[in-house]
Amino acid sequence: MGVDFNHLIELIPDINTAFLQTIYMIAISLVIAIVIGLPVGILLYVTDKGLFLQNRSVQVIMGFLVNLIRSIPFIILLVALIPLTNLIVGTTIGPSAASVSLSVAAIPFFARIVETALREIDKGVIEAAIAAGATPWMIIKDVLLLEARSGIISGITLTLISLIGFSAMAGTVGGGGIGDLAIRFGYYRYDNTIMIATVVILIVLVQFVQLLGDFVAKAVDKRK
């Protein structure tokens, strides 16, 4: 199995389009995951037993919903969300359509990471803030998010890497992007060149995201 470089050059426009579609999908999904997943993760933490917004009902309901979505394999989630996808974007194929399923999968994933990062905070810091008369919003903004920022950034990195893998899977059902290119050209046409090229692109993209995420997480970690 080798690479035909002349053939690869001919496919550059298709590869470029697929790459941009992948970036588009994961960018939209990551933003939605952060905007919704961050508050959900915070809520999962602060409503837990012994915390300043303890609420058993909210904790159980939110936890159940998060675990429910996370337990569904992504390929099944893609199919299950077809009606919702069609309702939101008016189509079930293409990168915009795939972004719906990617977002739904990423929100609970990131929420649990945020919750885990918050649980690593020394509760003495929270108790000190409460004793000083800080409001719940002040504790969340000035204590929780500040103390857990390194872990949250690492969570964003992990979520982004997962989205890259999920976006490739979305290509199997016409979601566009690198995965779609690999399926249409590499798998169906037995094109080894495009298969190798897409794998290399995904590897490089993941490595870049991981290195950048690690660098930023260490830069904001006040413990180091």
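The values are calculated or read from the model by the stated rules, or taken from the named source; none is laboratory data. This structure is a prediction, so every number in the text was calculated from the model and none was measured. Every residue, glycine among them, receives a Cβ derived from its backbone with ideal geometry; neighbour counts consider all protein chains shown.
Here are a few things to note about the model shown:
- If the condition is being β-branched (Val, Ile, Thr) and not in a helix (DSSP H, G or I), then segment 130-155 contributes only Thr135.
- Test result for Glu127, assigned to a helix (DSSP H, G or I), over 21 Å from Leu38 (Cα atoms) and of a type in the set (Asp, Glu): yes
- The numbered conditions (1) loosely packed, with under 11 Cβ neighbours inside 10 Å; (2) among the basic types (Lys, Arg); (3) in contact with a helix residue (DSSP H, G or I) (Cβ under 6 Å, 6 or more places away or on another chain) are all true for Arg70 except (1).
Residues are listed down the side, and each one gets a yes or a no for (1) in contact (Cβ under 8 Å) with a residue 12 or more places away in the chain; (2) over 30 Å from Asp180 (Cβ atoms); (3) among the hydroxyl-bearing types (Ser, Thr, Tyr):
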{"site": "Glu120", "(1), (2), (3)": "yes, yes, no"}
{"site": "Gly124", "(1), (2), (3)": "no, yes, no"}
{"site": "Met138", "(1), (2), (3)": "no, yes, no"}
{"site": "Asp142", "(1), (2), (3)": "yes, yes, no"}
{"site": "Ser154", "(1), (2), (3)": "yes, no, yes"}
{"site": "Leu158", "(1), (2), (3)": "yes, no, no"}
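- Candidates Thr193, Thr172: the one that is in contact (Cβ under 8 Å) with a residue 24 or more places away in the chain, touching a Leu at 6+ places or on another chain (Cβ under 8 Å), in a helix (DSSP H, G or I) and not hydrophobic (A, V, I, L, M, F, W, C) is Thr193.
Residue by residue, here is whether (1) exposed (fewer than 14 other Cβ atoms within 10 Å of the Cβ); (2) at positive phi; (3) touching a Cys at 6+ places or on another chain (Cβ under 7 Å); (4) of a type in the set (Phe, Trp, Tyr) holds:
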residue: Ile32; (1), (2), (3), (4): no, no, no, no
residue: Val40; (1), (2), (3), (4): no, no, no, no
residue: Leu43; (1), (2), (3), (4): no, no, no, no
residue: Phe64; (1), (2), (3), (4): yes, no, no, yes
residue: Thr85; (1), (2), (3), (4): no, no, no, no
residue: Pro95; (1), (2), (3), (4): no, no, no, no
residue: Pro108; (1), (2), (3), (4): no, no, no, no
residue: Arg119; (1), (2), (3), (4): yes, no, no, no
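- Val209 being assigned to a helix (DSSP H, G or I), free of Cβ contacts under 8 Å to residues at least 60 places away in the same chain, of a type outside the set (D, E, K, R) and closer than 24 Å to Ile9 by Cα: no
- Taken over segment 78-87, the residue count meeting the criterion of being under 16 Å from Ile36 (Cβ atoms) and assigned to a helix (DSSP H, G or I) is 1.
- So Gly174, is it surrounded by 20 or more Cβ atoms within 10 Å (Cβ to Cβ) and in contact with a helix residue (DSSP H, G or I) (Cβ under 7 Å, 6 or more places away or on another chain): no
- Test result for Asp180, crowded, with 17+ Cβ neighbours inside 10 Å, out of contact with any His (no Cβ under 9 Å at 6 or more places or on another chain), in a helix (DSSP H, G or I) and of a type in the set (D, E, K, R): yes
- Taking segment 1-76 and the helices (runs of 4 or more DSSP H) fully enclosed by it, the elements with 1 or more residues that are at pLDDT 90 or above and under 22 Å from the mean Cα position of the chain (by Cα) are at 12-46, 56-70.
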